[in-house]
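I have a structure I would like to understand better, so I am pasting it below and will then ask my questions one at a time.
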Amino acid sequence: MKIRIESSRIIKPFYEHTPPPSTTSHIPLSVFDKVTYEAQIAIIYAYHPPTPPNTAIELGLRKALAIYREWGGRLGEDEHGNRVILLNDEGVRFVEASSSSTLDQVMPFKPSPSLLSLHPSLKDVKELVQVQLTRFTCGSLVVGFTAHHTIADGHSTSNFLVAWGQACRGLRVNPLPLHDRTVFTPRNPPLIEYQHKGVEFMSKSKKEDSLNEVHHISEDVVVHKVHFTVEFLANLKAKASSMNGNNKPYSTFESLLAHLWRVITKARELSGFESTQIRISVNGRTRLNPKVPNEYFGNLVLWAFPTTKVKELLREPLPHATKLIHDAIAKVNNHYFRSFVDFANTKAKEEDQLVPTADMNKHILCPNIEVDSWLRFPFYDLDFGTGCPYMFMPSYFPTEGMMFLIPSFVGDGSIDAFVPLFEDKLPLFKKTCYSLDLLED
């Protein structure tokens with residue numbers, strides 16, 4: 001896929017109805033911002049023609065940046081050395097590009113390094129958002145969007161993308177974001193009810209040791225896209241919930257994740273005595289009491305870590321793994337979030353030189369798995385004025401074991417899973433990924 005860069009420049013917020021605000025203020029990072037991934041994340045949209053001109057999409061972006069000022073700022077420090085978001089309106093990168101082929105010639109988009117040409121580079125980026133508009137000879141448009149995870153989680157980022165579309169269509173942005181990141185105050189006295197060292201935090205020396213471990217090189221990893229139909233998901237959910245008694249069925253997400261955990265673990269051919277766990281994001285907006293509004297802009301995610309031995313995961317039926325996942329997620333409740341806020345504000349964290357366990361620099365997660373579920377985010381609602389995208393997907397992230405789950409562009413409730421595995425483990429994964437009973441294979 002040959003992409004020609006036509007222009008690359010910085011664009012700044014456009015204050016349409018109000019005078020420009022001060023550019024010397026800042027917003028302190030919350031404890032949730034500080035514990036999340038310090039990395040740029042990239043996503044890709046595809047639109048059939050007709051599409052609006054680049055100028056209209058650019059103007060809408062500038063209007064949206066005037067409301068979500070954090071994205072147009074920079075990460076920095078205040079006078080006390082605390083990390084903050086500088087609201088300096090320095091702007092975001094805006095790239096215009098073209099391709100000499102039609103979109104059909106490079107479709108369907110399958111995970112491959114060629115996707116990296118559809119968005120700006122993620123390395124050494126000072127801008128907190130980058131956008132690339134790539135035009136194809138058929139009139140189709142691909143939008144590559146990158147955003148710094150320290151600024152916002154997937155929930156907040158998807159709200160911003162919807163707002164961008166509203167601004168392009170001349171609509172008032174609704175709902176407006178809630179910008180106050182100081183709402184997570186520790187209790188006095190603190191009540192640390194759970195273990196957070198070794199969960200959200202780890203010692204700095206241990207993290208450095210783990211990054212220095214010698215593993216396969218990432219070229220051995222392939223990202224495999226799997227499509228799960230509505231029918232398969234319904235059967236999977238029924239099987240996963242078959243031993244759940246009179247309780248309500250497990251969710252489609254819990255059932256599918258349990259299935260993939262088992263299939264990936266079997267494909268990896270691990271020792272039965274080895275432990276395996278999944279890192280699952282849990283949105284605190286609905287967990288905290290009182291609830292935090294959905295419009296809260298920033299990070300508000302912690303993680304559940306269901307863990308078991310490989311032999312138990314594969315020997316026990318699907319409901320066992322599903323229950324492990326369900327119970328682990330349920331434990332990340334209001335008490336857990338409050339305990340985390342208290343712990344993250346203690347001096348012990350600094351004294352022990354603790355750093356976040358969330359890390360995008362790890363290339364191999366085996367024997368563990370991490371899942372980024374975008375199933376509930378309104379990513380498909382980014383409408384610039386000529387309709388919603390017909391396809392949406394993550395960029396190419398060849399981190400072994402780091403899965404993405406997204407709603408399929410088919411639009412019928414089916415799900416696409418992007419599963420990075422070592423190439424020599426892929427045949428067994430393909431053989432078993434549609435099997436409802438691994439023990440029969």
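With springs only between Cα atoms under 10 Å, which of Pro19, Pro113, Pro378 fluctuates most in a Gaussian network model of the chain?
Pro19
With a Cα-only, solvent-free Debye model of segment 285-441, what are the log10 I(q)/I(0) values at q = 0.08, 0.14, 0.19 Å⁻¹?
Normalising to I(0) and taking log10 leaves -0.34, -1.04, -1.51.
Could you give the dipole magnitude of segment 4-44 about its Cα centre, charging the beta-carbon of Lys and Arg +1 and that of Asp and Glu -1, in debye to the nearest 20?
That gives segment 4-44 a dipole magnitude of about 120 debye.
As a check on your grasp of the helix formula, calculate [θ] at 222 nm for the chain: sum -39500 (n - 2.57) over DSSP H runs of n ≥ 4, divide by the residue count, round to the nearest 500.
Using -39500 (n - 2.57) per qualifying helix, the result is -7500 deg cm²/dmol.
Leaving ligands, DNA and RNA out of it, work out the accessible area of Tyr15 with a 1.4 Å probe and give it in Å² to the nearest 10.
It works out to around 40 Å².
Rounded to the nearest 20 Debye, what is the dipole magnitude of the chain about its Cα centre when Lys and Arg each give +1 and Asp and Glu each give -1 at the C-beta?
So the dipole magnitude of the chain works out to roughly 580 debye.
Could I ask something else about it? Looking only at Glu70, Glu350, Glu58, which one moves most when the chain is put into a Gaussian network model with springs between Cα atoms under 10 Å?
Looking only at Glu70, Glu350, Glu58, the biggest GNM fluctuation is shown by Glu350.
Using a Debye calculation, one point per C-alpha and no hydration shell, please list log10 I(q)/I(0) for segment 1-147 at q = 0.09, 0.11, 0.12 Å⁻¹ in order.
Calculated log10 I(q)/I(0) at the listed q: -0.33, -0.48, -0.57.
Just order 315-326, 256-267 by mean Cβ neighbour count inside 10 Å, highest at the front, would you?
Peptide ranking by packing, descending: 256-267, 315-326.
For a quick check: with amide H placed at 1.01 Å from N, whose amide H comes under 5 Å from Phe201's, ignoring anything fewer than 5 positions away on the same chain?
Amide H neighbours of Phe201: Thr357.
Specify which residue in the list Val371, Val183, Val310 is farthest towards the positive end of the charge dipole of the chain, using unit charges on the beta carbon of Lys, Arg (+1) and Asp, Glu (-1), about the Cα centre.
Farthest along the dipole direction, towards plus: Val183.
May I ask for the Kirkwood hydrodynamic radius of segment 114-260, worked out over all distinct Cα pairs and given in angstroms to one decimal? Before the final figure, lay out each step's value.
On the way: mean 1/r = 0.0467 Å⁻¹.
This gives a value of 21.4 Å.
How about Lys110: which lysines have a C-alpha closer than 22 Å to its C-alpha, ignoring those fewer than 8 places off in the same chain?
Within the straight-line limit of under 22 Å, Lys110 reaches these lysines: Lys2, Lys225, Lys425, Lys430, Lys431.
In the calculated pair distance distribution of segment 354-405, what percentage of Cα-Cα distances lie above 14 Å? Write out the running numbers ahead of the final one.
Numbers: 848 of 1326 pairs.
Here the long-distance tail beyond 14 Å is 64 percent of all Cα pairs in segment 354-405.
Taking +1 at the Cβ of each Lys and Arg and -1 at the Cβ of each Asp and Glu, which of Thr346, Leu61, Ser255 sits farthest along the dipole of the chain towards its positive end, judged by Cα position relative to the Cα centre?
Ranked along the dipole, the leading option is Ser255.
Just how large is the dipole of segment 333-421 about the Cα centre, in debye to the nearest 20, putting +1 at every Lys and Arg Cβ and -1 at every Asp and Glu Cβ?
So the magnitude is around 140 debye.
Along each principal axis of its Cα atoms, how long is segment 256-335 end to end? Whole angstroms, biggest number first, please.
In descending order, the Cα extents are 43, 20, 19 Å.
While we're looking at this one, here's another question. Tell me, what is the percent relative contact order of the chain, built from C-alpha pairs under 8 Å that lie six or more residues apart?
After rounding, I find 22 percent.
What lysines does Lys309 reach when the alpha-carbon gap must be under 16 Å and sequence neighbours fewer than 8 apart in one chain are set aside?
Lys266, Lys323
What fraction of the DSSP beta bridges in segment 303-441 is antiparallel, stated in percent and rounded to the nearest 5?
Within segment 303-441, antiparallel bridges account for around 45 percent of the total.
Right, here's the next one. Just for segment 76-181, what percent of DSSP beta bridges are antiparallel, to the closest 5?
Antiparallel bridges make up about 60 percent of those DSSP assigns within segment 76-181.
May I ask for the distance between the Cα centers of segment 94-130 and segment 224-296, given as a whole number of Å?
Computed from Cα coordinates, the inter-centre distance equals 30 Å.
Continuing with this model, one more query. If I histogram all Cα-Cα distances within the chain using bins 10 Å wide from 0, what percent of pairs lands in each bin?
Whole-percent P(r) values from 0 Å outward: 4, 20, 30, 27, 16, 3, 0.
Still on this structure: With only alpha-carbon atoms in the gyration tensor, what are the semi-axes of the equivalent ellipsoid for segment 87-139, in Å, largest first?
26, 14, 7
While we're here: For a test of the definition: using alpha carbon positions, the gyration tensor, and the 1.5 limit on a/c, classify segment 3-77 as rounded, prolate or oblate.
Oblate, since a/c reaches 1.5 and b/c is not below a/b.
The values are calculated or read from the model by the stated rules, or taken from the named source; none is laboratory data. Computed from a predicted structure; not experimentally measured. As a convention, Cβ positions derive from the backbone with ideal geometry for all residues, glycine included, and neighbour counts pool all protein chains shown. For accessibility, only protein heavy atoms count, side chains too; no ligands or nucleic acids. Shrake-Rupley method; radii C 1.70, N 1.55, O 1.52, S 1.80 Å.
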